[in-house]
Amino acid sequence: IQLEISIIDGQGCSNKDTAWFYIVKVPVITFSGFPDLCIDKGAVNLSSISNTKPLTGKWSVIDSTGITKSKTILQPGINANGDTLDTKKISLQNGPGIYKMRYTDLASGCYVKKDTILRINPLPNVKISISPTGDNGKFCEIDPDVTLNANPSGGTWSSSVAGVISGGKFQPSAVSAAERDKWITLTYRYTDPSTKCDTSKSLQVFVQSKPVVNILNNDIDTCRSNTMDITLKATYAFTSKISWVHSFDPTRGGFDNNGTQLSNNNPTVYNIKPRGDSITNVVITAFTEAMGVCPFAQDNLFLKIHPRPNATVTIDDADGCAPHTVNFTTTLNNGVDATKSTFNWKFGDQSNGTGAVVSHIYPNTGSYLPSLQVISEFGCDTTLGPFNIDVYPIPVAAFTPNPNNATTAAL
């Protein structure tokens, strides 16, 4: 609009001037309400999330009664261009709250404003723990399951190692060999059902491999010899060394060296002098060291050494005239059961016999060397003899009368 003004003074002199007046249409600010934000949302474009129009203005935070004070988010770098808010630069303690937001537009030359509310929600306050706690979070692979505790409940647990969490418990035994002996991260994530803000907290656990030992020798069930040397050998892992011990086995009979240290060498030689009168039962144990939070491990080798029969043979008559009958009586002098033993005789004349007490007839003259093999029920044997048997010929009585040497008796 052009306006003209004329001025006439008292002397009749006049002048005039013109001016242009511009009437600008006042812009209408429109936007939708802000969605609630979580304190960890990060950088957001305020105009974009609220669909603000026109885009020629800028957002600001203003103080208002009953509203969170704006100073908590008006900090350098937070609202750099009046259109972007970075929630991560707000104090986690003081930042959450309800803020009054104002959008102003001066592009038309007219001051236009419109206010709304922005809610910034805190993250859930989550506390987690495990029970038992182990040794500063360290467990052995054979330990029982560990309970995962979280408050508030209703979140989800996850692990940096798959397959080790089940039913709210961490399972040390489920940790594979490849994942043992290193730290594992357990993470709990919880979402607040009202604000939809979520948070996660983590803790670490360590699962140690249990020491293992394996004796390479097989169990031994054998017969006694005067000197027995056994070379012991084992494989082991997750331990610095092993120890060899032999001990009494109360379930298998007697051996009176209880828990005697043998050696720390591997392999090692064990010299055993078994009993001669009864079964010798020995347990040889290979022990590992107890390492960290894991107990020691052990493996056993069972030795069962049977005595050989200790016998004597009584011969009633070692020599005589043919045919000559000899009675042999065998007596066992140790713990070998005679009723379960076998007695094999060789009589020295191509004939054989069995039994602890036997009789044998030697029909012909000569010298004979009988022997006896005694075999216990466990297959341990002893050979006795040879014994000396002499059979003599029977003397032949004979004479010749001499008629020339007659004698007359006087009447």
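Values as computed for the structure displayed
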{"item": "FRET efficiency, Ser6 to Asn51 (Cβ-Cβ, R0 45 Å, nearest 0.05)", "result": "0.30"}
{"item": "Cα-centred dipole magnitude for the chain, charges only on beta-carbon of K, R (+1) and D, E (-1), debye, nearest 20", "result": "2700"}
{"item": "Principal axes of the chain: Cα extent on each, largest first, Å", "result": "243, 33, 32"}
{"item": "Compactness index (Cα Rg / 2.2 N^0.38 Å), the range 105-145", "result": "3.06"}
{"item": "Leu106 paired with Cys223, simple spin-label distance in nm, labels 7 Å along Cα-to-beta-carbon", "result": "11.6"}
{"item": "Accessible area of Thr227 in the full protein assembly, 1.4 Å probe (Å², nearest 10)", "result": "90"}
{"item": "Taking the range 268-321 and dividing mean pair separation by its residue count, relative contact order in percent (alpha carbons under 8 Å, at least six apart)", "result": "34"}
{"item": "Residue-averaged [θ]222 nm for the chain, counting only DSSP H segments that reach four residues, each worth -39500 (n - 2.57)", "result": "0 deg cm²/dmol"}
{"item": "Rounded accessible area per residue of the chain, 1.4 Å, Å²", "result": "58"}
{"item": "Of Lys233, Lys182, Lys53, the one that fluctuates the most in a GNM where the chain has Cα springs shorter than 10 Å", "result": "Lys53"}
{"item": "Furthest towards positive pole of dipole, Cys321, Gly353, Gly335, structure part the range 304-358, Cβ charges", "result": "Gly335"}
{"item": "Rounded to the nearest 10 Å², the accessible area of Asp221 at probe 1.4 Å", "result": "110"}
{"item": "Heavy-atom accessible area order for Thr222, Thr383, Thr191, Thr280, largest first, 1.4 Å probe", "result": "Thr383, Thr191, Thr222, Thr280"}
{"item": "Computed accessible area, Leu369, all protein chains, 1.4 angstrom probe, square angstrom", "result": "100"}
{"item": "With every protein chain in place, the chain: carbon and sulfur % of accessible area (1.4 Å)", "result": "51"}
{"item": "Derived scalar couplings ³J(HN,Hα) [the range 41-56; Karplus, 6.51 cos²θ - 1.76 cosθ + 1.60; whole Hz; x for Gly, Pro]", "result": "4, x, 7, 10, 8, 4, 5, 5, 6, 10, 6, 6, 9, x, 9, 8"}
{"item": "Choice from Pro35, Pro395, Pro172 with maximal GNM fluctuation in the chain (Cα, 10 Å cutoff)", "result": "Pro395"}
{"item": "From phi via Karplus (6.51, -1.76, 1.60), per-residue ³J(HN,Hα) for the range 123-128 in Hz, x at Gly/Pro", "result": "7, x, 8, 10, 10, 10"}
{"item": "Of Val205, Val112, Val213, the one that fluctuates the most in a GNM where the chain has Cα springs shorter than 10 Å", "result": "Val112"}
{"item": "Longest exposed-site-free window of the chain, the sites being chymotrypsin sites (Phe, Trp or Tyr not before Pro) in a DSSP loop that have at most 10 other C-beta atoms within 10 Å", "result": "112-398"}
{"item": "Net charge dipole size for the range 1-63 [Lys, Arg +1 and Asp, Glu -1 on Cβ; Debye, nearest 20]", "result": "260"}
{"item": "The range 78-199 - Kirkwood radius from inverse mean 1/r over Cα pairs (Å)", "result": "18.5"}
{"item": "Kirkwood-type radius of the range 137-279, with distances r between different C-alpha atoms, in Å", "result": "19.8"}
{"item": "Over 25 Å between alpha carbons, listed pairs Lys89/Lys169; Lys53/Lys89; Lys210/Lys241; Lys53/Lys100", "result": "Lys89/Lys169; Lys53/Lys89"}
{"item": "Ile39 long-range amide H proximity, modeled H, under 5 Å", "result": "Asn121, Leu123"}
{"item": "Exposure ranking of Met228, Met101, Met291 by accessible area [1.4 Å probe, largest first]", "result": "Met291, Met228, Met101"}
{"item": "Unit charges at the beta carbon, dipole of the chain: most positive-side option, Trp244, Thr382, Pro96", "result": "Pro96"}
{"item": "Over the range 264-411 - Rg/Rh using Cα atoms and the Kirkwood inverse-distance radius", "result": "1.46"}
{"item": "FRET efficiency, 1/(1 + (r/R0)^6) with R0 45 Å, evaluated for Ala398 and Ile315 via beta carbons", "result": "0.85"}
{"item": "For the range 327-401: rounded, prolate or oblate by the Cα gyration tensor [a/c cutoff 1.5]", "result": "prolate"}
{"item": "Relative contact order (%) - criterion: Cα under 8 Å, at least six apart; region: the chain", "result": "9"}
{"item": "Cysteines without a disulfide-compatible partner [the chain; Cβ-Cβ under 4.7 Å]", "result": "Cys13, Cys110, Cys321"}
{"item": "Length-normalised contact order of the range 282-379 in % [C-alpha pairs under 8 Å, at least 6 apart]", "result": "25"}
{"item": "From the C-alpha gyration tensor of the range 1-43, square roots of 5λ in Å", "result": "59, 11, 7"}
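The values are calculated or read from the model by the stated rules, or taken from the named source; none is laboratory data. Being a predicted model, the structure only gives us computed values, none of them experimental. Please note: Cβ atoms are built from the backbone with ideal geometry, for glycine as well, and neighbour counts cover all protein chains shown. To get the accessible areas, we keep the full protein, side chains included, count just its heavy atoms, and leave off ligands, DNA and RNA. Shrake-Rupley method; radii C 1.70, N 1.55, O 1.52, S 1.80 Å.
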